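Notes to accompany the following structure.
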Amino acid sequence: MAPKSTTSLALASPQARLLKVETAAAYMAVGLTTMKALIADGEIPTVHIGRSVRVDVQDMDDYIDRLKQLQQDPKAPRPRAPRTLRATRNR
């Protein structure tokens, strides 16, 4: 049997509360660029441990719950779509 990737191990572990950005993107089923844009826009906060950047699973779950609530309440203000990172880079 082939070993599991680190992404699937982190998702399978019930103790993994802080995930790498790449793993967080997989958890939310979005691309890495979208996850980085959500972080850059402040929609999903990060935790810095030394030079490492991690995303708290609870923060992602809270974001998903906010999106669900907005979809149920048509009068609620809509969140901005995440910027693309290409638009934020200096050329």
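The slack between V47 and D73, meaning 0.36 nm per residue of separation minus the straight C-alpha distance, is 6.3 nm. If you bin all the Cα-Cα distances of region 16-75 at 10 Å, starting from zero, the percentages per bin are 22, 54, 19, 4, 0. Once C-alpha pairs closer than 8 Å and six or more residues apart are averaged by separation and normalised to the residue number of region 16-75, the relative contact order reads 34 percent.
The numbers here are math on the coordinates, done by the rules we state, and not lab data. Computed from a predicted model, the values in this text were never measured in an experiment.
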